[in-house]
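The values are calculated or read from the model by the stated rules, or taken from the named source; none is laboratory data. Please read these numbers as outputs of a predicted model, since none were measured by experiment. In this analysis, Cβ positions are derived from the backbone assuming ideal geometry, glycine residues included, and neighbour counts consider all displayed protein chains.
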Amino acid sequence: MTPPAVQKPATLNPVTTRGHAPLARATTVTMLLVIAGTVTGFARDLLVAGVFGASASTDAFMIAWTVPETAAPLLIEGALSFLLIPYFSRAVADGRPLREVVWAALPKVLLALVLLTAVTAAAAPLITRALAPGMPDHSLAARCMQVTALTVLGFGLAGYGSAALRTHKVFGPPAAIYLAYNAAIIAAVALGHSAWGIVSVAYGVAAGGLAMVLILAPSVVRRIGPPLRGGAALSISWTIFAPIAAFTLIRQAQVFVERFVASSLPTGSISYLNYAQKIAQVPMVASLIVATVSFPALARAIAARDDESAARRVLGDMRVAAALILFSTAFLVAHAPDVVRLLLEHGAFTAGDTEATAWSMRLYSLGLLGQVAVGVLCRVYFCAQQPMWYPAVVMVAGLVLTAVAAPLLVPALGVGGVALANAAGITLTGALLLRGLRAPLLVLPKRALMFSLGRLTLAAALATGACFAVRPAVPDLPVLVLVLLEAAGTAAAFVIAALLVGAKRDLSAALRLREEGA
């Protein structure tokens with residue numbers, strides 16, 4: 001039986017007690033900073049593609065980039081955040097000052113990060129061979145990985161500070177860290193590519209991790225308070241962290257499988273997949289902003305056993321994220337070649353590279369709804385007093401599907417087969433996470449949510465078909481103008497299709513950036 005809702009103090013949930021203004025302001029600030037970070041990320045990728053193209057050296061670096069790609073979801077936006085925000089929220093609800101809790105737990109977290117950084121750097125030669133056995137130049141990949149290993153320490157400290165600030169309802173500085181990160185990479189490549197080659201990107205990645213910490217430190221000290229003297233050390237139970245970390249690492253293992261399979265394909269295949277994912281993940285991150293901002297409120301609602309508020313929050317976040325990501329999917333599937341040509345086809349990045357990257361991106365984009373579902377729904381499981389192993393288990397199911405499907409699809413689809421296998425695996429995981437939500441964890445109106453997702457998916461399919469039908473009639477225009485027109489046209493087609501299939505209510509949730517029924 002679901003326990004009755006608990007009467008909350010006025011400060012427990014700003015979304016439901018004081019209207020939408022706090023959430024809207026936090027979302028707007030975060031969105032603007034994410035857009036700025038995305039722009040610098042595009043500049044970074046454009047610079048790397050223009051200077052180095054898609055070659056054996058970029059394939060080697062992409063293997064080394066596995067470290068920051070794994071560290072980011074594990075230590076910044078994923079596992080550590082899923083652990084710390086509910087942990088900090090429960091401590092505050094129990095009457096402990098946030099300042100005391102934050103600084104007391106830091107020493108052991110710092111020691112763990114230092115040890116993990118050292119182990120990663122020492123094991124780099126073994127890791128690179130395990131990830132890409134078919135790659136010709138493992139020495140270059142190992143050298144780059146030894147440098148990028150420093151991101152484990154930088155990202156870990158940045159993730160810890162971000163979790164503390166978000167618990168304190170401060171969202172601007174955590175969203176700004178990617179600006180600093182990308183700026184450091186751009187500077188390193190621009191200044192050092194002639195002397196260091198592809199290793200200059202690795203140096204930039206390591207410096208970017210340090211820049212993240214420097215951006216956050218003043219805000220942490222000012223908003224949370226300086227370290228307490230003589231405070232008792234506080235450790236976080238690794239048994240609590242284990243299921244969250246396992247879920248995050250297994251999810252990241254999708255990339256390991258992709259690169260393992262692609263390492264035996266023609267040179268540049270790993271790079272094509274990487275570039276495709278970097279572009280396609282931008283709308284995914286943007287779609288999850290509302291869920292990221294609302295996560296502390298969700299954690300507080302679940303901690304207070306306010307099931308009605310928590311369910312309303314999850315349902316609203318899911319509808320917003322789904323509407324935004326399905327529009328983005330329609331746009332990327334219909335116009336992938338023009339998007340890649342605009343962003344990457346410069347310098348050493350050729351028209352052939354554009355074709356292969358666009359093909360991969362179209363198939364990878366089919367899994368974006370699954371990516372968003374996983375990002376929204378896993379938060380519920382990790383807000384519980386004892387985080388559950390179920391997300392890790394269903395993530396294994398998705399990983400197995402990816403690992404089995406990728407080799408089977410490659411003969412027919414080439415490198416795009418790897419991307420399609422990823423889409424299938426993550427979609428299966430998202431569906432299983434939704435299926436697993438039930439009492440006493442949280443009761444959602446699943447039938448209503450499935451109808452909502454179905455209507456929005458149908459609208460995206462109709463919009464994609466309309467874009468394909470109209471594309472041959474579009475005159476030859478400068479690529480920037482062309483992509484802007486295609487984005488506007490896709491948006492119009494998606495809105496019209498949504499209205500035709502009866503998804504007006506679903507679409508309005510995304511347009512207003514608010515939760516249903518709040």
Inset, instruction - Examine the stretch 459-480 for a residue that is without any contact (Cβ under 8 Å) to a residue 60 or more places away in the chain, over 25 Å from ALA336 (Cα atoms) and surrounded by 13 or more Cβ atoms within 10 Å (Cβ to Cβ), and state whether such a residue exists. - result: no
Inset, instruction - Given the conditions (1) over 30 Å from ILE198 (Cα atoms); (2) surrounded by fewer than 24 Cβ atoms within 10 Å (Cβ to Cβ); (3) at pLDDT below 85, report the number of the one that GLY370 does not fulfil. - result: (3)
Inset, instruction - Among the residues of the stretch 415-461, write down those that are within 24 Å of the chain's Cα centre (by Cα) and of a type in the set (Val, Ile, Thr). - result: VAL415, VAL418, ILE426, THR427, THR429, THR457
Inset, instruction - Go through the stretch 131-152 and give me each residue that's aliphatic (A, V, I, L, M), crowded, with 24+ Cβ neighbours inside 10 Å and part of a helix (DSSP H, G or I). - result: ALA141, MET145, VAL152
Legend entry - Residue that is nearest to VAL394 (Cα to Cα), among those in the stretch 236-289 that are basic (Lys, Arg) and under 18 Å from the mean Cα position of the chain (by Cα): ARG251
Inset, instruction - Tell me, yes or no, whether the stretch 257-273 has at least one residue that is assigned by TED's automatic domain parsing to the domain that holds GLY489, farther than 15 Å from ALA132 by Cβ and aliphatic (A, V, I, L, M). - result: no
Inset, instruction - Looking only at the stretch 356-366, decide whether some residue is part of a loop (DSSP other than H, G, I, E, B) and modelled with pLDDT of 90 or more. - result: yes
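Here is a check on your reading of the model: is ARG305 in contact (Cβ under 8 Å) with a residue 24 or more places away in the chain and either within 22 Å of THR357 (Cβ to Cβ) or not in a helix (DSSP H, G or I) (or both)?
yes
Residue check: is PHE295 over 29 Å from LEU482 (Cα atoms), in the same structural domain as GLY416 (by TED's automatic domain parsing), touching a helix residue (DSSP H, G or I) at 6+ places or on another chain (Cβ under 8 Å) and crowded, with 24+ Cβ neighbours inside 10 Å?
yes
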Inset, instruction - Would you please list the contacts, defined by Cβ atoms under 7 Å and residues six or more apart or on different chains, that run from a residue in the stretch 32-57 that is within 17 Å of VAL189 (Cα to Cα) and in contact (Cβ under 8 Å) with a residue 40 or more places away in the chain to a residue that is buried (at least 19 other Cβ atoms within 10 Å of the Cβ) and of a type in the set (Asp, Glu)? - result: GLY53/ASP353; ALA54/ASP353
Legend entry - Selected residue (criterion: surrounded by the fewest Cβ atoms within 10 Å (Cβ to Cβ)) from residues of the stretch 153-172 that are more than 20 Å from THR120 (Cβ to Cβ) and of a type in the set (Gly, Ala, Ser): GLY172
Legend entry - Options PRO445, PRO391, PRO440; residue that is crowded, with 16+ Cβ neighbours inside 10 Å and within 29 Å of SER89 (Cβ to Cβ): PRO391
Inset, instruction - Return a yes/no flag: does the stretch 289-302 have any residue that is of a type outside the set (Asp, Glu), outside any helix (DSSP H, G or I) and closer than 23 Å to ALA491 by Cβ. - result: no
Inset, instruction - Any chance you could count how many residues in the stretch 298-313 are aliphatic (A, V, I, L, M) and buried (at least 24 other Cβ atoms within 10 Å of the Cβ)? - result: 5
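Quick one: would you say ALA397 is in contact (Cβ under 8 Å) with a residue 24 or more places away in the chain and surrounded by fewer than 20 Cβ atoms within 10 Å (Cβ to Cβ)?
Details: in contact (Cβ under 8 Å) with a residue 24 or more places away in the chain: yes; surrounded by fewer than 20 Cβ atoms within 10 Å (Cβ to Cβ): yes.
Yes.
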Legend entry - Flag for THR27 being buried (at least 20 other Cβ atoms within 10 Å of the Cβ), among the hydroxyl-bearing types (Ser, Thr, Tyr) and at pLDDT below 85: yes
Inset, instruction - Check the stretch 268-278 and report whether any residue there is among the aromatic types (Phe, Trp, Tyr) and at pLDDT 85 or above. - result: yes
Legend entry - Meets criteria (outside any helix (DSSP H, G or I) and either crowded, with 24+ Cβ neighbours inside 10 Å or in contact (Cβ under 8 Å) with a residue 60 or more places away in the chain (or both)) for ALA348: yes
Inset, instruction - Working carefully through the options ALA158, ALA164, ALA202, find the one that is aliphatic (A, V, I, L, M) and in contact with a Cys (Cβ under 6 Å, 6 or more places away or on another chain). - result: ALA202
